[in-house]
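Values in this text are rule-based calculations from the coordinates and carry no lab data. Here the structure is a predicted model, which is why all the values come from computation and not from measurement. Counting neighbours? That spans all protein chains shown, and the Cβs are built from the backbone with ideal geometry, glycine included.
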Amino acid sequence: MRPSTEEILASLAENADLGFASGRTLPPAIYHDRGVLDLEIDRLFRKEWICLGRLAEIPDVGDYVCRDIIDSPVFVARQRDGSVKAFANVCVHRAARLLETDGHATRISCPYHSWTYELDGQLVGAPFMKETPGFDVRSHRLRELPCDTWQGFVYVCLDPDAAPLSQQLNTLSGLVGDYRMKDYVPVFAQQETWNANWKCLVENYMDAYHLHKVHRDSFAKHGSSEAKTTLFDGEDAFTYHYVQEDEGPKTVQAHPDNTWLKGVDRHRTWLINIFPGHTMQLQPDMLWYLSILPVGHDKVSIRWAVSIPAEILAGVKDRQAHIDDVMALLHQVNSEDQPVVENVFNSTRSPEAGQGPLSYLERNVWQFGRYLARKLCR
């Protein structure tokens, strides 16, 4: 018999109260319970900041990115003054979705009745509405949503009373600010869906324990990273670890023209989870990030994208060949991760699935569980 939502949350809270040495994996039923998902939607995805993309992905006036945050379609657009604003991607007339994919527009026109909006959300055109007594286009505009930026990333929140995200990430800014992520050049972006619970993917991304096995032919091809990995608890809004390498032909390293990164940062890879579902792998020569959202309890929507520092791209003989090499590696990594993540999700349905002990390399996984407990068990 499956445990109830209340029993799952009680187990989650109990595990979070233990010290890390006694901590265990999440209760298996937490990935399949509809009551837990309802709480996650209400307390996480409707209240927390969700990464939609990077400023560098919408460099020009009129550029925009779209995403559905649960059942709320939203978009972020570059404004005429260079700022960015976020809006509900819903016409104020009959609620048609305005924009379907990332792109560019000088104005936004509804595909249903041609109501047309400026980039700042103001309605400027409504055909045949002059015959409606009292109608004035100036009285209508798209619903604007809270929008914040951090280190070149753009975030949206569905909660109008959300506290600024940047205030929650001051410590993290001090750790990675010197990398100048906002200047990395976008080279790839894609949305896809995996058949797993969203939490399985977040945990996998922050799991430093599986690389030697799952990624033995990709990330671990030139040696395991366990001895080079240091894990940190982080704070209420994030957790992280890093892999510290030395100078060598097969290691992560900053370009010689990069004069702003100093010392160990020139050979360091950061793995970061900004709760709930923004994960990133930050290196001096690459930035790979995922924006992770649930699509029900058994599917996860992923927007993943890659950027490369400008000095790296300028310093290679064949820019596209270098990009292709980076993407070949990351596509391989994804092809290794997806079956494992979906495997774990499917096997946690089993009545025999339990809560196992954690490796020291899973400290960030435990911190993610503590975050869930703080938000769900109150």
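If you average the alpha carbon positions of the stretch 319-358 and of the stretch 70-99, how far apart do those two centres end up, in angstrom? Distance between centres, Cα-based: 32 Å.
Helix 319-347 and the long axis of the chain differ in direction by around 80°, with both axes built from C-alpha atoms.
Residue pairs exceeding 32 angstrom between C-alpha atoms, taken from K47/K262; K85/K228; K47/K182; K85/K221; K47/K221: K47/K262; K85/K228; K85/K221; K47/K221.
With contributions of -39500 (n - 2.57) from each DSSP H run of at least four residues, the per-residue ellipticity at 222 nm computed over the chain stands at -7000 deg cm²/dmol. With θ taken as phi - 60° and the Karplus curve 6.51 cos²θ - 1.76 cosθ + 1.60 applied, the whole-hertz 3J(HN,Hα) list for the stretch 218-232 is 10, 4, 9, 4, 9, x, 6, 10, 4, 6, 9, 9, 10, 10, 10 Hz, x standing for glycine and proline. Taking amide H as placed 1.01 Å from N in the peptide plane, V84 has its amide H under 5 Å from the amide H of Q79, each at least 5 places away in sequence or on another chain. Helix 363-376 versus the longest principal axis of the chain: what angle, 0 to 90°, nearest 10, using Cα atoms? Around 40 degrees separate the two axes.
For the stretch 1-150, what is the charge dipole size about the Cα centre, in debye to the nearest 20, if Lys and Arg each add +1 at the Cβ and Asp and Glu each add -1 at the Cβ? Before the final figure, lay out the partial values.
Values: 18 positive and 23 negative charges, 95 e Å.
The calculated dipole for the stretch 1-150 is roughly 460 debye.
With an a/c value of 1.5 or above and a/b not larger than b/c for the gyration tensor axes a ≥ b ≥ c computed over the alpha-carbon atoms, the chain is described as oblate. Among the cysteines of the chain, those whose beta-carbon sits 4.7 Å or more from every other cysteine beta-carbon are C51, C66, C147, C157, C200, C377. Helix 5-17 against the longest principal axis of the chain: what's the angle in degrees, Cα atoms only, rounded to the nearest 10? The angle comes out near 60 degrees. Phi angles across the stretch 161-170 convert, under the Karplus curve 6.51 cos²θ - 1.76 cosθ + 1.60 with θ = phi - 60°, into 3J(HN,Hα) values of 9, 5, 6, x, 5, 4, 5, 7, 10, 4 Hz, Gly and Pro given as x. Sorted on the mean count of surrounding Cβ atoms within 10 Å across their residues, most packed first, peptides 297-304, 367-374 read 367-374, 297-304.
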